[in-house]
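Notes follow the structure.
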Amino acid sequence: MRVLIVGCGYVGLPLGKELVRQGHEVFGLRRSALAAGEMQSAGIHPLLADVTQPATLGKVPHDFDWVVNCTASGGGGADDYRKIYLEGNRNLIAWLAGSPLKKFLYTSSTSVYGQNDGSVVTEKSPAKPDADTAKVLLETEKLLLAASPNFPAVILRVAGIYGPARGHWFKQFLKNEARIEGDGARFLNMIHRDDLIGVIIAALKNGRPGEIYNAADDAPVSQLNFLKWLAAELKRPMPASVSADAEVLRRRGVTNKRVSNAKLKAELKYEFLFPDFRAGYAAEIARLKTAGALDA
């Protein structure tokens, strides 16, 4: 297959490398040429364009079988999200019109689920986020799904990504900056980067256009139990507790739910390399110890 990866960064670059290994012809699109050498070293053909600037897209080829849009906002607010995700995908839909496209995969987020009661959420659960950024992501999903059946979009709602040099709570813990919010009962949902790459490829091969799949591992974990495990594993003290201000948490888009991956496993037949945070973070801790980056 001829594959285009839009946003060839933390996920997109190793994804492209794996697709090349599997025998696909892979192109990586970025708005900067800074990573061109890294892409070429991975066997990926670099393309220079900006999804927010339609004129630049018109200057690069668009004859791809599979397209993966895994662009990142860089931590911006709702306006940045609207520009990169909503308008960016709108531009991609127009640009790919008339191409031989067989599958378009978009990495959305489980933040579109606004549930705060610790309940299990599936793809059929209501998606009613409070956070403005998550509202933009949901609007983007609706844009892509409305373009079906002429536009073969598949949506992955991705949980918190962790892996080499990535993982918010883990990094906070290592810096002694992690804090237990209230009683720590709020659930965290995660997926290792290597598993996200595997899920993306499985969705390209087996995902049904017009469908949404939750991309999370098997084991949502409470914040308290996650930090307890880290403390025991690294032989460090537990973080202090702070009050959980409901309004502050609402503004941050903090939610409390357990994301089910049952549909993904049933339809995409994907078997996780790291089915829970223990397996994934044990590997990351071992990597850091080997590199001499941990005291313990």
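Quick notes on this structure:
- Qualifying residue in region 94-109 (condition: more than 30 Å from S260 (Cα to Cα), open to solvent by less than 20 Å² (accessible area, probe 1.4 Å), modelled with pLDDT of 95 or more and small (G, A, S)): no
- First in region 270-296 and over 17 Å from W169 (Cα atoms), second anywhere and among the hydrophobic types (A, V, I, L, M, F, W, C), Cβ under 8 Å, 6 or more apart: Y270/V199; Y270/A202; Y270/L264; L273/A279; F274/A283; P275/A219; K289/A296; A296/L234
- All helices (runs of 4 or more DSSP H) inside region 185-296 with 3 or more residues being open to solvent by 50 Å² or more (accessible area, probe 1.4 Å), at pLDDT below 95 and not aromatic (F, W, Y): 246-251, 277-290
- All positions within region 83-111 that are in contact with a Ser or Thr (Cβ under 9 Å, 6 or more places away or on another chain) and either among the aromatic types (F, W, Y) or in a helix (DSSP H, G or I) (or both): K83, I84, Y85, L86, E87, G88, N89, R90, N91, Y106, T110, S111
- Given (1) touching a helix residue (DSSP H, G or I) at 6+ places or on another chain (Cβ under 7 Å); (2) in a loop (DSSP other than H, G, I, E, B), index of the condition F170 fails: (2)
- Within region 128-163, restricting attention to residues that are out of contact with any Pro (no Cβ under 6 Å at 6 or more places or on another chain) and of a type in the set (K, R), the residue that is surrounded by the most Cβ atoms within 10 Å (Cβ to Cβ) is R157.
- Residue check, G7 touching a residue at least 60 places away in the same chain (Cβ under 8 Å), of a type outside the set (A, V, I, L, M) and crowded, with 18+ Cβ neighbours inside 10 Å: yes
- Taken over region 128-165, residues that are among the small types (G, A, S) and either in a strand (DSSP E or B) or touching a helix residue (DSSP H, G or I) at 6+ places or on another chain (Cβ under 6 Å) (or both) amount to 6.
- Residues of region 134-170 satisfying the condition of being modelled with pLDDT of 95 or more and polar (S, T, N, Q): T140
- When I44 is tested against the conditions (1) in contact with a Cys (Cβ under 7 Å, 6 or more places away or on another chain); (2) open to solvent by 40 Å² or more (accessible area, probe 1.4 Å), the lone failure is (2).
- Subset tally (residues that are within 23 Å of G12 (Cα to Cα) and open to solvent by 10 Å² or more (accessible area, probe 1.4 Å)) for region 111-127: 1
The values are calculated or read from the model by the stated rules, or taken from the named source; none is laboratory data. Since the structure is predicted, the reported quantities are computational estimates derived from the model, not experimental observations. Methodologically, a virtual Cβ is constructed for each residue, glycine included, from the backbone with ideal geometry; neighbour enumeration extends over all protein chains shown. Only protein heavy atoms, including side chains, enter the accessible area calculation; ligands, DNA and RNA are left aside. Shrake-Rupley method; radii C 1.70, N 1.55, O 1.52, S 1.80 Å.
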